[in-house]
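Q: Take a look at this one; I'll ask things after.
Read-outs throughout are calculated quantities, based only on the coordinates presented, and are distinct from any laboratory measurement. Remember, it's a predicted structure, so these values are computed and weren't measured experimentally. Every residue, glycine among them, receives a Cβ derived from its backbone with ideal geometry; neighbour counts consider all protein chains shown.
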Amino acid sequence: MDEILEAETFCRALEETLAGRELKPPVDAETKKDMMFAAGLSSHDLSQESRIRRTLKSSLLSGRDGDSRLRVFLDVIAARPLRLTAAAGLAVALLVPVTLHFLHDTIMTPYATGIDVTVIRPDGSVGGSVSRFGALKAAAARTPGEAQRTSSFMAGAAFDGAAAGGGSGAPRDTKSSGSSSASARLRPNAGAPGQAFASLGGQFPMDAPIGNERSEHYADSSFFDAADHPLSTFSIDVDAASYSNVRRFLRDNRLPPPDAARVEEMVNYFHYDYPEPPSYQPFSLSAESAKSPWNPKRRLVRIGIKGKTVAPEDMPPSNLVLLVDTSSSMNGADRLPLLKQSLKLLAERLRPQDRLTLVTFAGCAQLAMRTVHGDRKKEIFAALDSMQACGATDGGAGVRYAYDVAVKHFIRGGSNRVILATDGDFNVGTIGDQPLEALIEKERDRGVFLTVLGVGRGNLQDAKLQKLADKGNGNYAYIDDVTEAERVLVRDMSATLLTVAKDVKIQVEFNPQRVKSYRLIGYEKRALEAKDFNDDKKGAGALGAGRTVTALYEIIPVGAESAPPDVDALKYRKPLIDAADPRSRELLTIKARYKTPDGAKSARIYLPLRDDPKPWTTVSDDFRFATAVAGFGMLLRGSPDAKNFDYARVRDMAQRSVSRDEGGYRGEFIRLVDKAALLAR
């Protein structure tokens, strides 16, 4: 009973503090001490109650930089073990919704994602796992069945003082007394308010709000007049995060936000059968054109790039630094636990000549595993298993530490790379993007590239992670399940880890005698100025071994559409090329510029394309499928250029292109199209 009263007293004092009232009796010295630790004070002066109250309130509200997330953190650091019996668990479960109700109605926005609770023993070890309460209030108000489903989001909450493992970076002590029984005692009947508090599982509720997720907005590219703007220039994009992120939304039975659907990333998620490059080039160029499937008066042009294939056994030695976010926001099952499984898949493929280091970051960065060779599997797996989620998120400190390690163990002629795994919610230390981008660009120029693995939902900082990967000449993937991890880190291991060309730019010159206007479908965030193409100081995307990159242009041929001109025709304009010149029959010319991974001077590749469009029924399966994916992305974005397209058309085009479907990814795409069509009704 004393323990129940202690829990009730603590929660009552907490509620008083959150309400802005002075702490009142009965709050003993030990409880004040607990709350002082929770406030993050280093002093043990128990007399400054107002200071305790102010600091606790300040520490509870993150996002003071203007971010609307207002995620609430509560680190309850006990000076002695906080033991909760079943009755105590129920008492806390009944009191927390009251506090959450106050937070929700007074200081939190609808995008709040939860409270994280951590009980720390006097010796510094973790006495209870972090729990998230973002949907607690809603769970308490639902029917028992709905509460059961919602509560599956909540992480485990075994609060026996001797239960649930060691501190951050230490393995969980499963032999501690009461470990499993505490979890059972804290699990009330389905439908009770405490269900969400205590239930294990970590699955996100289907109807949870998008919350603090951030995707950068880009307006769809418009048509350009080929006579006035004959050059279209862009950096290649090898990111594929948008597709798996869109898939996650559809699996959760809701359409993604329009900005989450980036057409070029969706198209480039898939592999295409483009020709291998000659031995003297790091990649090949190919192109074909056809009449547009949604407007026969227009044309589509498909540009394909294929990086040189390198078998895994022929890859140079790798120097990899795993940089893993272990802050409290990574506690859900779709975050740190998923990353542990995913990174083990990568570790299994490492060779003795490869080097691996594990750096973690929460409130600070730390070396979780010294640099070891790839054949030390047992040591690597143990280090990955030991990671625990707790604390704030100093991503800047983690990035700096990881690059220091990568430079220290740099392998000349090898693959040197930092692999950042996080939800991107950096809330302490270097929070702004510019300092991190500058550091990443500096190390990129020294030959250390960056791969970013995004995880989680409701808090994914998609725009930040995408930008960091771009600055690091790397790729950004969103890991929504272990199957996606296997695709990125095993099937596409060479493409993910080994760069065959960097600063790859594409410039297309259109023949104004054949092309009236054009638009690049997607790549809005990769657009470059024409002068950037020849500027070796201007960075661009990197291409991995065996990677394919696809770009689609929609073209309005000369004379195809007779829209009123915006301005009068120019009196003195002359054709640039005589009609008898063979070049006049070309639709366009593709130019690619690139550097070798360790080079500073670029080289060029040219490929002209004749104006000889194929009937749509005779185009390659890859062309047809890429167009279907682009059309799907345009529909999800609500693009005005998709007004003559629909989900049935997308499905039909994709269905006709699945003859070669290694891994079943194209079949899965068709199922996602079907789901989106149902959700869009």
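Q: Within the set Lys502/Lys537; Lys408/Lys595; Lys291/Lys675; Lys297/Lys614, which residue pairs have Cα atoms separated by over 21 Å?
A: Violating the 21 Å limit, Cα to Cα: Lys408/Lys595; Lys291/Lys675.
Q: Show the residues, 5+ positions off or on another chain, whose built amide H is closer than 5 Å to the amide H of Asp425.
A: Correct list: Gln461.
Q: Oh, and also: With unit charges on the beta carbons (Lys and Arg positive, Asp and Glu negative) and the dipole taken about the Cα centre of segment 312-495, which residue among Leu460, Leu436, Ser386 sits farthest to the positive side?
A: Of the listed residues, the answer is Ser386.
Q: How many angstrom lie between the Cα centre of segment 220-272 and the Cα centre of segment 373-432?
A: The two parts, judged by their Cα centres, are 29 Å apart.
Q: I'd like the FRET efficiency for Thr483 and Arg446, computed as 1/(1 + (r/R0)^6) with the beta carbon distance as r and R0 of 51 Å, rounded to 0.05.
A: Efficiency computed from Cβ-Cβ geometry: 0.90.
Q: What is the fewest-to-most order of Tyr606, Tyr280, Tyr553 by other Cβ atoms lying within 10 Å of their Cβ?
A: Listed from fewest to most nearby Cβ atoms, that is Tyr280, Tyr606, Tyr553.
Q: Follow-up. Applying 1/(1 + (r/R0)^6) with R0 = 30 Å to the Cβ-Cβ distance of Gln281 and Arg351, what FRET efficiency is obtained, to the nearest 0.05?
A: 0.65
Q: Between Lys408 and Leu231, what is the spin-label point distance in nm, taking each point 7 Å from the Cα along the Cα→C-beta axis?
A: The modelled label-to-label distance comes out at 4.5 nm.
Q: So, R0 is 30 Å and r is the distance between the beta-carbons of Ala438 and Arg660; what FRET efficiency does that work out to, to 0.05?
A: The formula returns an efficiency of 0.10 here.
Q: Output ³J(HN,Hα) for segment 608-619: one whole-Hz value per residue in order, computed from phi by the Karplus curve 6.51 cos²θ - 1.76 cosθ + 1.60 with θ = phi - 60°, and x for Gly and Pro.
A: Whole-Hz 3J(HN,Hα) from phi for segment 608-619: x, 10, 6, 7, 9, x, 7, x, 4, 5, 10, 6.
Q: For segment 490-499, what does the Karplus curve 6.51 cos²θ - 1.76 cosθ + 1.60, with θ = phi - 60°, yield as ³J(HN,Hα) per residue in whole Hz, taken in order and with x for Gly and Pro?
A: Result, ordered by residue: 10, 4, 9, 4, 4, 5, 6, 9, 10, 8 Hz.
Q: Gap in Å between the Cα centre of segment 469-508 and the Cα centre of segment 644-667?
A: Spelled out, the Cα-based centre of one part sits 23 Å from the other.
Q: Then there is this: Give the order of Asp470, Asp646, Asp622 when sorted by the count of other beta carbons within 10 angstrom, beginning with the fewest.
A: Asp646, Asp622, Asp470
Q: Amide H of Lys516 versus every other amide H placed in the peptide plane: which residues, excluding those fewer than 5 positions away on the same chain, fall under 5 Å?
A: Ile556, Val558
Q: What are the residues whose amide H is under 5 Å from the amide H of Ser318, where those residues sit 5 or more places off or on another chain and H is modelled from the backbone?
A: Under 5 Å from the amide H of Ser318: Asp354, Arg355, Ser415.
Q: Here's something else I'd like to know. Going highest first, how would you order 667-674, 591-598, 612-619, 373-380 by mean Cβ packing within 10 Å?
A: Going from most to least packed, we get 591-598, 667-674, 373-380, 612-619.
Q: From the phi of every residue in segment 309-317, what ³J(HN,Hα) in whole Hz does the Karplus formula 6.51 cos²θ - 1.76 cosθ + 1.60 yield, where θ is phi - 60° and glycine or proline is x?
A: Ordered by residue, 3J(HN,Hα) equals 6, 10, 5, x, 6, 9, 5, x, x Hz.
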